[in-house]
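Below is one structure, written out as structure tokens; the observations come after it.
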Amino acid sequence: MTSAWPTYLGLSLGEIRARAEAAVASLERWGAEVTAVDSVAGARRALGEATFDFALMDVNLPDGLGPDLLCDKTVPAHTGVVIMTAEGEIGRA
């Protein structure tokens with residue numbers, strides 16, 4: 001099946017494997033090429049090796065906070081970012 005959508009290169013950053021796998025599968029069905037990582041360190045490595053059109057990142061990760069990648073400018077300004085969390089309380093997110 002050929003997609004009318006352009007191919008995007010994306011980074012999926014999430015610590016809960018089942019949720020991350022579901023996100024990756026959905027994005028790939030839309031034609032995106034996705035690199036999945038489960039830590040801030042993994043994201044730093046991936047961002048050092050490739051340029052991504054978008055990043056889907058979890059707030060809480062085993063080794064830090066996903067948004068910290070934005071604060072220290074690890075994620076380039078041209079990269080679209082969606083920040084998500086599964087935490088039920090605002091104070092915990």
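Computed quantities for the displayed model
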| item | result |
| --- | --- |
| Protection proxy ranking, peptides 73-83, 37-47, 20-30, average beta carbon neighbours within 10 Å, highest first | 37-47, 20-30, 73-83 |
| Heavy-atom accessible area per residue - the range 31-90, 1.4 Å, Å² | 56 |
| Theoretical gain in end-to-end length, Glu49 to Asp68 [0.36 nm per residue, Cα-Cα removed] | 5.0 nm |
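The values are calculated or read from the model by the stated rules, or taken from the named source; none is laboratory data. Everything numeric here is computed off the predicted structure, so don't read it as measured data. Glycine also receives a Cβ, built like all others from the backbone with ideal geometry; neighbour counts cover every protein chain displayed. Ligands, DNA and RNA are excluded from the accessible area calculation, which covers all protein heavy atoms including side chains. Shrake-Rupley method; radii C 1.70, N 1.55, O 1.52, S 1.80 Å.
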